[in-house]
Amino acid sequence: MKSALKLKQANLDSLSRQMDTPSYDRSQVNVGIVHVGVGGFHRSHEAYYTDKLMETGSLTWGICGVGLREADRKMRDVLKEQDYLYSLLVKHPDGKVENRVIGSLVDFMLSVDNPQAVIDRMADPETKIVSLTITEGGYNFHPVTGEFRIDNPDVQHDLAHPNEPRLIFGYLTAALQKRRRAGLPPFTVQSCDNVPHNGDMAKRMLLAFAKAQDLALAEWIEENVCFPNAMVDRITPVTTPEDIALLESDFGVIDGWPVTCEPFCQWVIEDLFCDGRPEWEKVGAQFVADVTPYEKMKISLLNAGHSVLGLLGSIHGHETIDAAVRDPLFATYLRHFMDLEATPVLDEVEGIDLDVYKDSLIERFSNPSIKDSLARICLESSAKLPKFLLPTLRENLATGGSIAYVTLVIAAWCYYSDKGVNCHGVALDIVDEMKTELHEAAQGTAEDVLSFLGIDAIFGDLIAEEAFTSLYAQMITDLYENPHIAVLMQKLLNQK
Ligand code: CS2
């Protein structure tokens, strides 16, 4: 067999014989987008749509990636070595794998090496959009009050050192200040995170930071910068060594950090851009006037559904989403949660039949080629649950709707944070910025059954909701007596 080729611009011609590669001239691509947070999801979603658009001949919207953390160095190094090219492996349920080299990313900067260079890039007149996948936690909001956390030491650092910021809001403010002074129009700030009203959230947080720095600038931002809301969707598991090996053996390409994802892809965006935008609608994205019903549907069903399977499944001993959803108990539980608790809080979504949407989610979850680990799903639950699950709980409490399915998930989260093992005693690797706080509060359960709910920054006033706490107390007692979560799940299903 011929030896495999390294993924690089110079090898693209040869590689095009064995895989789909960019047919456009990458040397002609201008950078129109600076994207902060180049992980798997950005690469399977925005960069994928943009690459597709480039295939139609539009080369003005190239992407310059930015990493704000030292931890991004590895991605930068790998991509730089490959001229910012990477493979996107689309895995179908029948085992078929499509592979495409994505060419839309054309540069990558690490802010920790040179903060001013990143500010300058954002302030460059060529940059029309700064897009973000900074995760739910990156918005620096208080989960209960929704306020910007001005007391965060990194925020305080950024206010004191405007040209050497650490967080995104410091960068956006410094770059917008520079544009304003130069008489340039601002760029659009486009959030691509799973946060309800992600554009509004980015705007609120940025304004809070900018106000603390320069009131006149904050006013200018408020009047001139656009922050479109968007619903983003594509399941993108963590890349594994097997993916890298498969590329080498089946496609003859050596790629240091490919991305794998499911075939499904959706992007619904508010058409609200202050300095132009790519015609992503030509390649499958939807532009709408109001994205609210779409994002609420997606977050309350897909992301919340993931968290339901993630926490219950981890305690049960499942390892991946597809394994969990192939277990009839978990599939039924998930569907009941969706039908009885999530659906009642949703508005009508034009052109979407919710039953069909829910069926399609379960089908997507069961794709056996996507081994989406529960460890990925449970990562940073303290930032996810307040966005994915707790709003549904609150709405159902207000209307007297069902809350049992979600309550068991919270009880499971307490057990998970307290014991750090599954019901067979096998250790679980918990990764969460609030890990210590979660653990300490959960540990108090033996003394005070509601101890976990005392984490104000997550649960706020839910601890005062009697209908919720009495159910939770009962479930916690049962779970601590017998951690076989399946028994409790079955009990709930029997009660229906
Ligand atoms: C997941 C999401 O992080 C999570 O918990 O629910 O990453 C999910 O896979 C994506 O939002 C799918 O679009």
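The values are calculated or read from the model by the stated rules, or taken from the named source; none is laboratory data. Being a predicted model, the structure only gives us computed values, none of them experimental. All Cβ positions, glycine included, derive from the backbone under ideal geometry; neighbour counts span all protein chains shown. Note: areas computed on protein heavy atoms with side chains; ligands, DNA, RNA excluded. Shrake-Rupley method; radii C 1.70, N 1.55, O 1.52, S 1.80 Å.
Couple of notes before you dig in:
- Reported count of residues in region 28-49, each being of a type outside the set (Ser, Thr, Tyr), within 15 Å of the ligand (Cβ to nearest atom) and open to solvent by 40 Å² or more (accessible area, probe 1.4 Å), is 1.
- Which listed residue, of Lys203, Lys211, is under 20 Å from the mean Cα position of the chain (by Cα) and away from the ligand (no atom under 16 Å from the Cβ): Lys203
- Residue, surrounded by the most Cβ atoms within 10 Å (Cβ to Cβ), within region 289-322, restricted to residues that are at pLDDT 95 or above and away from the ligand (no atom under 16 Å from the Cβ): Ile315
- Taken over region 333-356, the residue count meeting the criterion of being open to solvent by less than 10 Å² (accessible area, probe 1.4 Å) and among the basic types (Lys, Arg) is 0.
- Boolean, Asp193 is within 16 Å of the ligand (Cβ to nearest atom), in contact (Cβ under 8 Å) with a residue 12 or more places away in the chain and either outside any strand (DSSP E or B) or open to solvent by less than 50 Å² (accessible area, probe 1.4 Å) (or both): yes
- Only strands (runs of 3 or more DSSP E) whose full extent lies in region 245-292 are considered here, and the ones with at least 3 residues that are in contact (Cβ under 8 Å) with a residue 24 or more places away in the chain are 259-261, 266-270.
- Scanning region 213-243 for residues that are surrounded by 14 or more Cβ atoms within 10 Å (Cβ to Cβ) and part of a loop (DSSP other than H, G, I, E, B) gives Asp214, Val225, Cys226, Phe227, Pro228, Asn229, Arg234, Ile235, Thr236, Pro237, Val238, Thr239.
- Residues being hydrophobic (A, V, I, L, M, F, W, C), open to solvent by less than 20 Å² (accessible area, probe 1.4 Å) and more than 14 Å from the ligand (Cβ to nearest atom) - total across region 244-284: 5
- Unique match (being over 30 Å from Glu242 (Cβ atoms) and away from the ligand (no atom under 12 Å from the Cβ)) among Tyr333, Tyr357: Tyr357
- Considering region 357-452, the qualifying helices (runs of 4 or more DSSP H), each wholly inside and each with 3 or more residues that are open to solvent by 30 Å² or more (accessible area, probe 1.4 Å), run over 390-399, 435-443.
- Residue within region 19-27 that is out of contact with any Cys (no Cβ under 6 Å at 6 or more places or on another chain), open to solvent by 40 Å² or more (accessible area, probe 1.4 Å) and farther than 21 Å from Glu126 by Cα present: yes
- Considering the conditions (1) in a helix (DSSP H, G or I); (2) buried (at least 22 other Cβ atoms within 10 Å of the Cβ), Ala117 is excluded by exactly one of them, (2).
- Residue pairs whose Cβ atoms lie under 7 Å apart, sitting 6 or more positions apart in sequence or on different chains, and linking a residue in region 348-372 that is within 16 Å of Pro237 (Cα to Cα) to a partner that is open to solvent by 60 Å² or more (accessible area, probe 1.4 Å) and of a type in the set (D, E, K, R), are Ser366/Arg326.
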